[in-house]
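Working notes for the structure below.
The values are calculated or read from the model by the stated rules, or taken from the named source; none is laboratory data. Computed from a predicted structure; not experimentally measured. With ideal geometry, Cβ positions are generated from the backbone for all residues, glycine too; neighbour counts draw on all protein chains shown. We work out accessible area using only protein heavy atoms, side chains counted, and drop any ligands, DNA or RNA first. Shrake-Rupley method; radii C 1.70, N 1.55, O 1.52, S 1.80 Å.
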2 protein chains.
Amino acid sequence: MSDPVVAASSSCVTASSVTERQLADLQEILGDKGLLQGTADLATYETCVRYGAGTAAFVARPQNSAELSRVLAYCVTQGICLIPQSGNSGLVGASTPDGTGTQGVLSLDRLTLRDQNGKIELDEDNRSVTVGAGVRLSDLNSFLAERGYSFPIDLGADPRIGGMIATNTGGARFLRYGDVRQNTLGIKVVLADAQGTELDFMSGLRKDNTGVDWKQIFIGTSGVYGVITEAVLNVERLPKQSAAALLVPRDEEAVLPLLRALEERCGSQLTAFEGMSAEAMACAFDHVPSLRNPFPGGELPGYAILAEVSRSWDKRDAEESLDDLLEAVLAEIWEFDGEPLANAFIGRPEEMWSLRHALSEGVKHAGKLVPFDVSFRRGVLMEFRAAMAQDLPKHFPEVRICDFGHIGDGGLHFNLAIAKDDPRLADESFIPSLRNWVVTRVVEDFNGSFSAEHAIGRSNQGFYDAYTPEKIKNLAAGLKDLTSPGKLGAVKLG
Amino acid sequence: MSDPVVAASSSCVTASSVTERQLADLQEILGDKGLLQGTADLATYETCVRYGAGTAAFVARPQNSAELSRVLAYCVTQGICLIPQSGNSGLVGASTPDGTGTQGVLSLDRLTLRDQNGKIELDEDNRSVTVGAGVRLSDLNSFLAERGYSFPIDLGADPRIGGMIATNTGGARFLRYGDVRQNTLGIKVVLADAQGTELDFMSGLRKDNTGVDWKQIFIGTSGVYGVITEAVLNVERLPKQSAAALLVPRDEEAVLPLLRALEERCGSQLTAFEGMSAEAMACAFDHVPSLRNPFPGGELPGYAILAEVSRSWDKRDAEESLDDLLEAVLAEIWEFDGEPLANAFIGRPEEMWSLRHALSEGVKHAGKLVPFDVSFRRGVLMEFRAAMAQDLPKHFPEVRICDFGHIGDGGLHFNLAIAKDDPRLADESFIPSLRNWVVTRVVEDFNGSFSAEHAIGRSNQGFYDAYTPEKIKNLAAGLKDLTSPGKLGAVKLG
C-alpha cells in the first residue's frame, strides 16, 4: 500500500489563474454583494477549522438556486474550479480551496431565503420543514423550538444545512433519530454541467418509489456531484421529559451487555449511549475547571457511559417519571450475573451533557491531537479499543489515547495526544505513519470505517484512495461524468 | 401527454430465442436443480400475482452469489435477457417475463443459505441480521421472534428479502420503523456486466461516510441495476405491550389534527395510524362474515382510524398500561375545541388488525378492482380523498371508492371497484382512461406519487415514462450503462 496520507489527489485543478474578464462576468451574474475579491474579504472562506488554509481566487455567494445555477454553468464553460462551502465547520478539509489561488469558493451563506415570505417553512401536518441550504442548524432549531419541534441532529458545531447533507453528519442522538440521510425528505441540487442543471427532488413525500432515489447520491459525497441549494427535512417533536445516568461498567467487556440491557428495557426511550474514557474526561476537567466532577472523591473510573432516556410528550400524572424508570432499570441490571454494572449515578441531564460536550474541546488541550473519526459494528468497537490499549504503546510509546464515542451506533472519536515537546513531532513522517498505522488496524483488522460521520475531505482522501476498490472508483468517476462533469469539489472519488 | 398505460416499454428484449446450446451451457453452470425448463416447471415463475402471465425461456436458480455471477456474466455475453424474480408477490409486474418466450427468469428462491452454518446470522450486539436474498420475510421473522427481535416491515404478503429491497416495501408500521431503505445496513449485489461483477457492501456498519452510499441505487429500482444476493438488515426488539383503538373522526378534516394530537401525546409509542373508508370496511365484512363488527349497532362510520400504540419492553408494575394511556389521551382529545373525535373504541389489537388486514382481500371482491398505490404529503392525503369523492362521479359515475391508507406516512391504497356486469368493461380503453385520469390528478393537482411502495413494474411503467423528466431518464440510462449494461429487469428507467 502506498502512503495514503501523502497520496491525496483532486481532480479540481484549474489550468490557469482566473482572469479579470472572468471576474467581471461573475460579478455581472452575482452583483456586488455576491462576489468577493481581495485578501481581507476572502480570509474567512479560505481557512478550514482544523486543516489549514488555502487561497481563493474569489468567493461566489449566490442568493438563490437560479443564481447559483448561472454561476456553475459559467464556471464549467470557462473551466474554473469551484469548491462548494457551507458552514465551513467540517474537520476533513472538504470546504476550502487549495493553495494555488486558482479555485473559487462557492459559498452557500446567502442561500437562506426560501422565498419572499421567509426563510423556513414548517409543514406541521407533514412534520417536515423546507429550508435554504445556507440556513444554520442553530437558526433552524431556534425556529423549530418555538413551535415545539427539532431537527434531531445533535452536534457540537453549528454547520449550515447544505453542508450537513453533503457530509451526512451523525451526532450524539443517532441511536434514536438516525443520521442526516434518514432525516432528509428532499433536496434541490444544481449540477456542474454546461447548463447548471437544477434537479428538484423537493416533493417532501415520506413514501415515494418511482425509480432511483437520486437525492441519495448527493448525500455524504462532499459536493462533488452537485451543490445542494434547498432541502425538505423531517422534524421531530422536542423532548419534554429526560433523565440521564452515568454508568461505570465492570470492564470494557461489560459495555455492550449494558447497551443491550438498556435497549431491552427502555426501547425507543433510550436516546443516547455515549462512552467516555478516563483520559478524555480528565482532559475536560483540566480544561474546564468549573465542570462538576460527579464521581465519588473525584476519582475517575477507567470508562463511563452517559445513558439518556427521553420522551417527546408531557408527563402525565399516572405516568412513571423517567428518573424512577432509570432507577428501577439500573437496580435490575445491578443484580445481573457477572455484575456488568460497577457503579451508576442518576443526575441532572444538563450536568452530564456538560461533561460530555466538554470532551471535544478538552482533548484539544491534551497536546498535539491526532483525531480519528472511525466506526465499527457495535460489538466490535470495544474490542478495537482494547486492542489499541495493548498494541499502540508497543509501536508508538507515550501517545495518550483520549477517546470517546457513540457506542449506540458504533462511532468512535479515537483521539491520540502527543506531548507538545515530544521530539518525534519534529519528524514530518511521524504523524502520517501514526495515522496510517491506526487506520490500517481499523479497516483491515476490525472491518471498520475510517470516516464515520465527516465524509471525505482532503485530510482523508488518501485513505479513500487506498481502501476503495478500483471498481467502485470507476463507478464514482462514471457518476461524476454523468452528473457534474465540471470542476467541482475539493475531493476526488473516482 | 401520450397514453401512459399503453406507452409501456422495456429495454430487455432478446433478439432471438434462447438456443439449446445456451441452455446446455447454463445447465453446466447451475446443475440439474438450478435450471428449470419445460412448461410445468416454469408455470409458477411465469405468473405474477395480479398482472397476468408471461412465458419464460428458462428459470435459473443459482444457489449462491458466485453462481449467480457466472449466470449473469454468461447471459450478458450471449445477449440473453434476465428478469430477476424474488418472492413474485409484487403487484406491479416487475418480476415476470414478457410474452415472447425469449426472456429467462433469474430466481432468488435458492439463495437462502448464507453459509454452511445456517441461513440467518443474528448479531445481537449490532442489532442486525445477515441473510440470503431468497429468505422469506415470514421465515426471517419466525427466526427473529424466537430470539426477541423482528424485521419491522409489516406486510400482508410474504415476499423474499431480495425483492423487498429491490422494491423498497413500506407497510403498516412505516410511521414508527420506516421503510426497507431505512432498515437496510448492507447488501451484496451482482451486476449485469461481462464479468458478473460482485459488489460487497456487507460491512453492516450503522455509520459509514466514505463516499457514495452505493447500496442506495439498488434499493427500490426493480433489479435493473443489479441483483441483490445477500443483505445485512437492522432488526428491532419485538413489541411486548400494545393497545389499539378505532377512532371515528368528526369528518375528513379532523383526521390530520387527530394524527398530530396522538403524535404529540404518544411520541414513538405510536406505531400505526391507518385509515379505513366505510366502503372498504363493508367489503371486508361482506367477504369475511366471521369478522366482528365493533361499531354500535354494526353501523359503519364514513371513515375510521386504527391507532396503535406499542412498547418493545415488558410492562413494569409502576408503569401505566397502554390501555390506560390510550384512554386518557383519547379523553383529552375528546374535549378539544371543534370536537375532532366523534367516537372512539379501545379494543383488542388483534381484533382491530383482523379488520384492517381483511380490507385488501375484501376489496378484491367488490367488483372489477382498479387499485392505485399513491402517496402525498400527509396533510394533502385527505384533501385528495375529498376531491375524488366529489369529482370522480362526474367523470366516472358508478365507480365505488373503497380506499384505505397509511395516513401516518401519507400512503393511500386508493381502490376503485366497478360492478362486474358494467357494460363499460367491454371497452378496452375504459380502465386505462380511468387510471390516467386518477394518476393525472394525483401527480399534477396534488403533487403526489403514483407509486408509494411497490416501485416500478410493467403496470406503472407508462406513468414513469410520462412523469419522469428527460434529464432524470438520461441519468437513469447513464447509471444503467455504468452498472449493468446487460439486459436485466422487466422495466426501463432510462
Total charge of the residues flanking B:GLY156 in space, meaning their Cβ is under 11 Å from its Cβ, with Lys and Arg +1 and Asp and Glu -1, is -2
Calculated on alpha-carbon atoms, Rg and Dmax of the range B:356-494 in Å = 16.7, 50
Using label points projected 7 Å from each Cα along Cα→Cβ, tell me how many nm separate A:ASP421 and A:SER17, to one decimal.
-> 4.6
Note the distances from A:GLY148 to each other copy's matching label point, with points 7 Å along the Cα-to-beta-carbon direction, in nm, sorted shortest first.
-> 3.5
Take every Cα-Cα distance within the range B:59-131, group them into 10 Å bins from 0 onward, and report for each bin the whole-number percent of pairs it holds.
-> 18, 39, 29, 12, 2
So, in nm and shortest first, the distances from A:GLY79 to its counterparts in the other copies, with label points 7 Å along Cα→Cβ, work out as 4.2
Total charge dipole magnitude, chain A, about the Cα centre, Cβ charges on Lys, Arg, Asp, Glu only, Debye to nearest 20 | 1140
For chain A, just give the cysteines left without a disulfide-compatible partner, judged by no other Cys Cβ under 4.7 Å.
-> A:CYS48, A:CYS75, A:CYS266, A:CYS283, A:CYS402
Binned Cα-Cα distances of the range B:187-285, short to long, each 10 Å bin given as a whole percent | 11, 26, 19, 24, 18, 3, 0
Peptide B:268-277: average number of partner chain Cβ atoms within 10 Å per residue?
-> 2
Taking only C-alpha pairs under 8 Å that are 6+ residues apart, what is the relative contact order of chain A in percent?
-> 19
Note the per residue figure in Å³ for the convex hull of the C-alpha positions in chain A.
-> 169
Relative contact order of the range B:241-360, pairs being alpha-carbon contacts under 8 Å that are 6 or more residues apart, as % | 49
Compute the signed sum of charges (Lys and Arg +1, Asp and Glu -1) over the other residues within less than 13 Å, Cβ to Cβ, of A:ALA455.
-> -2
Chains B and A: how much accessible area gets covered up at their contact, both sides added, probe 1.4 Å, in Å² to the nearest hundred?
-> 7100
The range B:137-168 and the range A:19-86: distance between their alpha carbon centers, rounded to Å | 50
What average number of partner chain Cβ atoms lie no more than 10 Å from the Cβ of the residues making up B:410-416?
-> 2
What nm distances, shortest first, do you get from the label point of B:ALA278 to those in the other copies when the point sits 7 angstrom along Cα to Cβ?
-> 7.2
Mind giving me the nanometre distance, one decimal, between the label points for B:SER429 and B:ALA53, set 7 Å out from Cα along Cα→Cβ?
-> 3.1
Quote the charge dipole size of the range B:64-222 about the Cα centre in Debye, to the nearest 20; the model charges only the Cβ of Lys and Arg (+1) and of Asp and Glu (-1).
-> 220
Inter-chain shielding metric for B:125-132, i.e. average beta-carbon neighbours from other chains within 10 angstrom, reads 4
Ignoring ligands, DNA and RNA, what percent of the 1.4 Å accessible area of chain B is carbon and sulfur?
-> 47
Taking a point 7 angstrom from the Cα of B:ARG292 along the C-beta vector, which residues in the range B:321-348 have backbone N less than 11 Å away?
-> B:347-348
Indicate the gyration tensor shape class of the range B:241-360 (rounded, prolate or oblate), computed on the Cα atoms with a ≥ b ≥ c the square roots of the eigenvalues: a/c under 1.5 is rounded; otherwise a/b larger than b/c is prolate and the rest oblate.
-> oblate
Using alpha-carbon positions, what is the distance between the centroids of the range B:169-245 and the range A:459-476, in Å?
-> 22
Counting only protein heavy atoms and rolling a 1.4 Å probe, one gets per residue an accessible area for the protein assembly as shown in Å² of 36
Relative contact order %, the range A:366-454, counting alpha carbon pairs below 8 Å whose residues are six or more apart | 43
Calculated [θ] (222 nm, deg cm²/dmol) that DSSP helices of n ≥ 4 give over chain B, each run adding -39,500 (n - 2.57) | -10000 deg cm²/dmol
Placing +1 on each Lys and Arg Cβ and -1 on each Asp and Glu Cβ in the range A:120-237, then taking the dipole about the Cα centre, the residue among A:VAL212, A:ALA157, A:ALA172 whose Cα reaches farthest towards the positive end is A:ALA172
Along Cα→Cβ, 7 Å out, is where each label goes; now give me the distance between the ones at A:ALA331 and A:GLU350 in nm to one decimal.
-> 2.8
Compute the whole-percent fraction of alpha carbon pairs in the range B:120-237 spaced more than 20 Å apart.
-> 37
Dipole of the range B:331-484, Cα-centred, from +1 at each Lys and Arg C-beta and -1 at each Asp and Glu C-beta, to the nearest 20 debye?
-> 540
Let me know the Kirkwood hydrodynamic radius for the range A:451-494, please, with Cα pairs as the basis and the value in Å to one decimal.
-> 11.1
Of the candidates A:PHE295, B:VAL443, B:GLY489, the farthest towards the positive dipole end of the protein assembly as shown (Lys/Arg Cβ +1, Asp/Glu Cβ -1, centred on the Cα centre) is B:GLY489
Cα-based Rg and Dmax for the protein assembly as shown, in Å, come out at 28.6, 93
With r as the distance between the Cβ atoms of B:ASP323 and B:HIS357 and R0 = 22 Å, compute the FRET efficiency 1/(1 + (r/R0)^6) and round to 0.05.
-> 0.55
